[in-house]
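Report on one structure; see the data block that follows.
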Amino acid sequence: VIGLVIARRGRLTLGSLDVVDAVRECWLIGDQVATVPAPAAVIRRLELGEYAPARWASVLATEVGEHDVVLAASPDGRDLAARLAERLGRELMAGCLEVSAAQATMPVFGGATTVRHDVTGPFVATVQATTRPEPAVGLVAAGESLDSADTHDVVVEAVLEPDLESLDLADARRIVAGGAGLDRPSNFDLLAKVGAALGAAAGATRVITDRGWVPPRRQIGTTGTTVSPELYLAFGISGAVQHTAGLGSPNHIVSVNTDPACPMSQMADLAVVADAAGTLAALLERTGG
Ligand SMILES: Cc1cc2nc3c(=O)[nH]c(=O)nc-3n(C[C@H](O)[C@H](O)[C@H](O)COP(=O)(O)OP(=O)(O)OC[C@H]3O[C@@H](n4cnc5c(N)ncnc54)[C@H](O)[C@@H]3O)c2cc1C
């Protein structure tokens, strides 16, 4: 089993260490790979240029041979894994918790339990991304450069600064999230404005996405997105386990809730006992929104 760890512009991407944890030997693939400080499990470096999953998949399909392949269940990993599995004509096992040449463990029923699958043939798998600090550093080895003319990737016209509205929550360093304590849809506009002022993406609990107040892609938790922010600001969120299980381990959690004993406030670094919407309005005023 070989892990594929993705680098972009000389930096490891989200979930890299999950791949390193899952398998013993990895290849570092991507652009500017020769200079990336990488974990010792990296035994090969492949320079593939800018991230282009279709082109990369066509190159990798000729390189991986009979190896089973494991990538991170990150946005980049998921995209590449699907294309590589299609290229190789292999089964894709998505979102595994553990994987080996013989077995894969996967979550079911919204993460309430897990099942084990016996693996029957060569596969491509993704392992779930969890929260980690910047990856540890180690060996620096010379890279190999591979190229392919066979490309079906989009042409990149420009790379824009992340738009907080559309930024994948899993990539957000700061998140403001709202729950049932925010009481009405208009308070989620307020939440988004405060988020924009703080450079934070806006998320929500399932109660809120079920009500249709914000789109499902904004839901954090076992049946939503797993996030890994440095700062998590929770407004009117009780902290049910299905929500907090998707939180990873933020460096700082702030909970604004009228109930000081709720789990979210109990796990917070700073628990503010106050009305969530009122606090948002005051924050917006202070941040000049
Ligand atoms: C299989 C399954 C999967 C699930 N997956 C997810 C998931 O992925 N993500 C998720 O979030 N949930 C998920 N849930 C739902 C989860 O169990 C909780 O119901 C949900 O997270 C609670 O959302 P909440 O905190 O917004 O609401 P509540 O639990 O109702 O909490 C509201 C909070 O607001 C506070 N409050 C009330 N008024 C105010 C005020 N004026 N100011 C400040 N605070 C106030 C209350 O004290 C309370 O703590 C799942 C449930 C199941 C069964």
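Rule-based calculations on the coordinates, nothing more; no lab input. Note that this is a predicted model, so its numbers are computed, not measured. Counting neighbours? That spans all protein chains shown, and the Cβs are built from the backbone with ideal geometry, glycine included.
A cut-off of 5 Å between modelled amide H atoms, ignoring neighbours fewer than 5 places along the same chain, links ALA125 with VAL69, VAL70, LEU71, MET93.
Given 0.36 nm per residue, what is the gain on full extension from VAL108 to ARG217 after removing their alpha carbon distance, in nm? Display every interim value, and only then the final one.
Numbers: separation 109, 0.36 × 109 = 39.24 nm, distance 1.90 nm.
Length gained, VAL108 through ARG217: 37.3 nm.
Calculated mean residue ellipticity at 222 nm for the chain: -7000 deg cm²/dmol, from DSSP H runs with n ≥ 4 weighted as -39500 (n - 2.57), summed, divided by the residue count and rounded to 500.
Which whole-number percentage describes the relative contact order of the chain, with Cα contacts under 8 Å and a sequence gap of 6 or more?
Values: 662 pairs, mean separation 41.3, N = 289.
The value is 14 percent.
Listing SER166, SER74 from the residue with the fewest other Cβ atoms within 10 Å to the one with the most, what is the order? Fewest to most other Cβ atoms nearby, the residues stand as SER166, SER74. Mean projected area of the Cα convex hull of segment 164-289, taken over all directions, amounts to 6.3 nm².
Which value results for Rg/Rh of segment 1-74 when Rg is the Cα radius of gyration and Rh the Kirkwood radius based on the inverse mean 1/r? With Rh from the inverse mean 1/r over Cα pairs, Rg/Rh is 0.91. Less than 5 angstrom separates the built amide H of GLU25 from those of GLY3, all sequence-distant by 5 or more or on a different chain.
Once both labels are positioned 7 Å from their Cα atoms along Cα-to-Cβ, the gap between THR120 and GLU63 label points is 3.0 nm.
Once the Cβ-Cβ distance between VAL159 and ASP189 is put in as r, and R0 is 25 Å, what FRET efficiency do you end up with, to the nearest 0.05? Result of the calculation: an efficiency of 0.30. For segment 154-159, 3J(HN,Hα) computed residue by residue from phi via the Karplus equation (6.51, -1.76, 1.60; θ = phi - 60°) reads 5, 8, 7, 7, 6, 10 Hz, glycine and proline entered as x.
For ILE43 and SER100, what is the calculated FRET efficiency with R₀ set at 22 Å and r taken between the beta-carbons, to the nearest 0.05?
Values: r = 18 Å, r/R0 = 0.82.
Given R0 = 22 Å and the Cβ-Cβ separation, E is 0.75.
Restricting the calculation to Cα atoms, the chain yields a radius of gyration followed by a Dmax of 20.6, 60 Å.
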